[in-house]
Ligand SMILES: [Zn+2]
């Protein structure tokens, strides 16, 4: 898992991430706050799930805040926050990463946003941001659906995937993809072969 070994992550941050990933369905907003981030839920355009904003005056310990689209589902918002947390813990010190910056008069409106340069939309998986976006997606997946917890319970019956999705507070589709991904990773060990394919075909 990225956050257990990645040396870009501060030790203090890593401790919070590991604690979050130690059991299912923990509150992602609380994790963000422990990491020193502020979270605001706002109505954003449909194609924007969330954005990480450098905002030295927003009152957060880190000087960053995450704005998440209040119009999207609870499960989608969790995933979006996890994705922006990934940008914060992994990418904020990378030269390639230029976070969106708050406007001077923060406090009135969400700064949305003529997209400036390398702003980071959760939906942006093309171009020069692709590597960072894919990495943030992988990180979010590992954070919300840790392999060691999923594998413990994994089954490829639809009802059990639904139960896992509920326990981990993610969408059914996200959990199905995660279970299949873990299954495929473990296939070399000969575990559970065939059942994922059956499910896919169903
Ligand atoms: Zn992103």
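Find how much the distance from residue 34 to residue 162 grows on full extension, using 0.36 nm per residue of separation minus their present alpha carbon separation; answer in nm with one decimal.
43.1 nm
Want the number for residue 131 to residue 18: 0.36 nm per residue separation, take away the alpha-carbon distance, what's left?
The span from residue 131 to residue 18 would gain 38.3 nm if fully extended.
With label points built 7 Å along Cα→Cβ from the Cα atoms of residue 97 and residue 148, find their separation and express it in nm.
2.4
Put a dot 7 Å past each Cα toward the Cβ at residue 4 and residue 61; how far apart are the dots in nm?
Reported label-point gap for residue 61 and residue 4 is 2.5 nm.
Read-outs throughout are calculated quantities, based only on the coordinates presented, and are distinct from any laboratory measurement. Given the structure is predicted, the values throughout are model-derived calculations rather than measurements. When we count neighbours, we look across all protein chains shown, and the Cβ atoms used for this are built from the backbone with ideal geometry, even at glycine.
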